[in-house]
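The values are calculated or read from the model by the stated rules, or taken from the named source; none is laboratory data. As the structure is a prediction and not an experimental result, all values here were calculated from the model. Cβ placement follows ideal geometry from the backbone for every residue including glycine, while neighbour counts extend to all protein chains displayed.
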Amino acid sequence: MLETTPIDALESLHLVTADGKVLQLNPSTYLPEPEPRFHLYQEFSPITPRVVSAFEPARFGQQITSARNRVFVPTIVFGELKIGRLAHDPDATDTDNLPYLNIEHLRDCLRELKSKPEKPTKTVIRYLQQDVLFRTIRGGFYVAQNGESFRYFAFPDLNALESQYYPWWRSALSTFGA
């Protein structure tokens with residue numbers, strides 16, 4: 001159904017914790033970051049790989065949904081995950097706070113992007129093997145369609161989560177969500 005829904009019809013995104021707490025996100029204006037960095041994306045629908053990319057979210061969405069590519073999906077929902085200092089340096093230390101399995105494999109994928117600029121995207125995990133911790137979301141969630149349409153749903157910053165959305169945030173910290 002997603003690929004037949006016009007992207008402008010997506011008026012909100014609802015994040016639900018395991019115990020039923022709901023956070024509604026409305027579309028936001030997307031502003032790309034000025035400096036290049038590596039990104040870790042979790043694709044949610046219709047496919048579920050976790051990938052690293054040198055592309056910022058809008059460019060990544062355009063690339064993965066363009067029919068000009070050998071492998072593409074017409075529409076995708078994905079989110080960016082935090083990778084801390086690894087975003088600039090795959091060999092950075094102090095990554096103990098990152099809750100991902102096999103950090104060394106993540107580093108290897110980032111090193112490959114760094115050494116092969118002609119390959120801007122690399123799959124880290126082919127299929128989502130665990131739920132995503134909401135505390136790892138960086139920036140927000142994105143929907144891209146047909147290599148041209150793009151919609152951004154900003155994730156609230158920590159201050160807003162702890163003040164305005166505290167019941168949801170408390171639930172999200174104690175449960176997994178996808």
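Answer yes if at least one residue in segment 147-170 is under 30 Å from THR5 (Cβ atoms), in contact with a Pro (Cβ under 8 Å, 6 or more places away or on another chain), without any contact (Cβ under 8 Å) to a residue 24 or more places away in the chain and not hydrophobic (A, V, I, L, M, F, W, C), and no otherwise.
yes
I'd like to check something: does segment 124-143 contain any residue that is more than 26 Å from ASP89 (Cα to Cα) and assigned to a strand (DSSP E or B)?
Yes, because at least one residue in segment 124-143 is more than 26 Å from ASP89 (Cα to Cα) and assigned to a strand (DSSP E or B).
Please specify each residue of segment 9-47 satisfying the condition of being of a type in the set (D, E, K, R) and either assigned to a strand (DSSP E or B) or touching a residue at least 24 places away in the same chain (Cβ under 8 Å) (or both).
ASP19, LYS21, ARG37, GLU43, listed by residue number.
Out of ALA67, ALA54, report the one residue that is modelled with pLDDT of 95 or more, farther than 25 Å from LEU25 by Cβ and among the aliphatic types (A, V, I, L, M).
ALA54
Can you work out which of the residues in segment 48-59 that are out of contact with any Asp or Glu (no Cβ under 9 Å at 6 or more places or on another chain) and in contact (Cβ under 8 Å) with a residue 40 or more places away in the chain is nearest to GLY147 (Cα to Cα)?
By that ranking, first place goes to ALA58.
Which ones in segment 57-80 are surrounded by 17 or more Cβ atoms within 10 Å (Cβ to Cβ) and of a type outside the set (A, V, I, L, M)?
Correct list: PRO57, PHE60, GLY61, GLN62, GLN63, THR65, THR75, PHE78, GLY79, GLU80.
Determine which member of the set SER53, SER115 is small (Gly, Ala, Ser) and farther than 30 Å from THR5 by Cβ.
Exactly one of SER53, SER115 is small (Gly, Ala, Ser) and farther than 30 Å from THR5 by Cβ, namely SER115.
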